[in-house]
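The values are calculated or read from the model by the stated rules, or taken from the named source; none is laboratory data. No experiment lies behind these values; they were computed from the predicted model shown. No Cβ is skipped: glycine too gets one built from the backbone with ideal geometry, and neighbour counts run over all protein chains shown. Calculation scope for accessible area: heavy atoms of the full protein, side chains included, ligands and nucleic acids excluded. Shrake-Rupley method; radii C 1.70, N 1.55, O 1.52, S 1.80 Å.
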Amino acid sequence: MKMDLNAIIEKMETGDQDAALMALQAYNKEKSQCFTFNLQEHEERERLGELVLGFLERDLQPSCQLACLETIRILSRDKMSLAPFTTRPAVQTLSRHAGIAPGDGPTPEIPDLDVTVEALKCLCNIVFNSPAAQEVGAELRLIGGLAERLKQCQERHWSHEVRFFDLRLTFLFTALRVDVRTQLAQELHGVGLLANVLDATLGLRWLNTFEVARADCENPALLPPLGRQETERAMEILKILFNVTFDTNRRKVDEEEAATYRHLGAVLRHCLMSTAEGEDRTEEFHSHTVNLMGNLPLPCLDVLLIPKVQQGSIEYMGVNMDAVSMLLLFMEKRLDRGNKLKETLLPSLNLLTESARIHRETRKFLRTKVLPPLRDVKNRPEVGHALRNKLVRLMTHIDTDVKHCAAEFLFVLCKESVARFIKYTGYGNAAGLLAARGLMRGGRDPGLYSEDDDSDTEEYREAKPHRGYPVAIKHRGDGLTVCPCVPLSINPVTGRVEDEQANPMEGMTEEQKEYEAMKLVNMFDKLSRDHVIQPMKLGADGKMTSLEPGDFERLTQQGRHSEPDSEEEIE
């Protein structure tokens, strides 16, 4: 039978606890799955909310407290009827029942866990839906009460639900309020606190300073999947830590902070090597882990390589590469999926890039996997199913962030050497990054890279450009020029072997060549003046700049005086 709101309000107004309990239980049962509300009953819902909050100020039986809180949870789904719940007294009342109220409010010595959980659910709804409630919660410093209870993470009397909704409410505050995020990070030492909570949630034991293992498993190769409840709590912790450490990798950290982040990094490495119940849940767990790893200070990422090489480990140069290999597999899986690449791919791709930039062993290992010795010289670099081909395809992606990150990753693996970068990607694909870096004239960016060889395969040596026949563009001290090379050699622009092309100017007189050149210049000039294209020129600093109409006139005058070379070239 459908409950009439006015009838429920009348029973609440009598003040009788038993009558109110029966009415609220019936209403809660009917509306338990209700997420849309009748606009015409807006005022009645607000009145009911005020009455229920008034009841919670009284000394009630736990069953009546629970019914009142369930009603508030349902009513708080309606953003239009939140007014009674966003006031300072209302938030104080709910936080007291949740057991997180700072100050001297009455709190039962042995709390009813069902009441605590329901009050936390109410606060989560209200804080999520109301900026006013977020501000009140920040003023009341509820994050302090939440932090105190997080410190009790190893006490058995707290249920999974209490722990989970403590974490969910903490996540909401840190996501929605910068001041709360700062308070947790600095005043409450949130990184260390949450790292310890994560440690306890995963049930870890420390083998040495920066290496952990599951306490219930001696053999890492036989590590069982993480339980559902533990996985849920761990992911909430990872999300909170992401909020708290959002700007960490953009500032310097002191020695004490670095030790905290290395401690956290060791736990995150364990998360990366762990599985959850089901492939989808495992990928979600790893996704939050990778997102957080990207926030760690770069020097602290060395904890990924610290564990000793064990039987079954992936070893390279005497270093355990299990974590790096897992990151690479995770990145490739996201790349193959091709869905929302900016959100799903870039965190892992950026993490691999920065790890390779700062750790020599990581870069060399990744290069063997991504840029092995070049043997396929007949296909374009973007054609094929190898990881190199997939990443080169991203270098011309429509999203500038995606194409920049893919190019940056490959550029770092090439030790930021322009010649090596072009060898593996082709000049056409590489041009965007080279132009942005001012490297169109060649050379390399300065970087702390070790010397290692880049020996060519026999296939590449046979097709490598040699002097003899004009077929391709090559770098020169003053820009780009046509470079002579043998037939069937690699075209640096496309990055593959191409058949010798007929010279279109063969048989022309010098006057005819000059005529065709001036015709081309005039065509560029017209398209530029009509704003169809924007011609560019390569400046002395190696960067691209706009070619102005005056530049065309200068080129025309140079052509008339038969001056063959200019200091700047049209691109």
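Of note:
- J(HN,Hα) series, segment 406-419, from Karplus relation 6.51 cos²θ - 1.76 cosθ + 1.60, nearest Hz, glycine and proline x: 5, 5, 4, 4, 5, 5, 5, 5, 8, 6, 6, 8, 4, 4
- Within the straight-line cut-off of under 24 Å between alpha carbons, the lysines reachable from residue 519 are 537, sequence neighbours fewer than 8 places apart in one chain being disregarded.
- Largest-first ordering by accessible area, 1.4 Å probe, given options 80, 544: 80, 544
- Equivalent-ellipsoid semi-axes of segment 192-320, from the Cα gyration tensor, Å, largest first: 22, 19, 13
- Segment 267-334: C-alpha gyration tensor shape, a/c 1.5 cut-off, then a/b vs b/c: oblate
- The apolar share of the surface of segment 245-342, taken as the fraction of accessible area on carbon and sulfur atoms (1.4 Å probe, ligands and nucleic acids excluded), comes to 47 percent.
- Restricting segment 232-303 to trypsin sites (Lys or Arg not before Pro) in coil, as DSSP defines it, with at most 14 other Cβ within 10 Å: 251, 252
- P(r) for segment 165-241, from all Cα pairs and a bin width of 10 Å, is 17, 44, 26, 12, 1 %, short bins first.
- When nucleic acids and ligands are ignored and a 1.4 Å probe is applied, residue 529 ends up with an accessible area of around 120 Å².
- Taking all protein chains together and rolling a 1.4 Å probe, residue 31 ends up with roughly 40 Å² accessible.
- Restricting segment 131-239 to GluC sites (Glu not before Pro) in coil, as DSSP defines it, with at most 16 other Cβ within 10 Å: 155, 218
- Working from the Cα coordinates of segment 47-101, the gyration tensor eigenvalues give, after taking √(5λ), semi-axes of 17, 13, 10 Å in decreasing order.
- A 1.4 Å probe over all protein chains sorts 35, 365 by accessible area into 35, 365, starting with the largest.
- Using Cβ point charges alone (K and R +1, D and E -1), the dipole size of segment 254-395 about the Cα centre works out to roughly 940 debye.
- Near residue 335: Cβ cut-off under 10 Å, other residues only, Lys/Arg at +1 and Asp/Glu at -1. The net charge is +3.
- Here residue 390 sits with roughly 30 square angstrom of accessible surface, probe radius 1.4 Å.
- Taking other residues whose beta carbon is less than 13 angstrom from the beta carbon of residue 185, and scoring Lys, Arg as +1 and Asp, Glu as -1, yields -1.
- Each peptide in 513-519, 304-310 gets a packing score, the mean of other Cβ atoms within 10 Å over its residues, and the list from highest to lowest is 304-310, 513-519.
- Neighbourhood charge, 12 Å Cβ-Cβ cut-off, centred on residue 6 and excluding it, Lys, Arg +1 and Asp, Glu -1: -3
- Centroid-to-centroid, using Cα positions, segment 517-535 and segment 376-424 are 31 Å apart.
- For segment 172-196 versus segment 293-316, the gap between their alpha-carbon centres in whole angstrom: 26 Å
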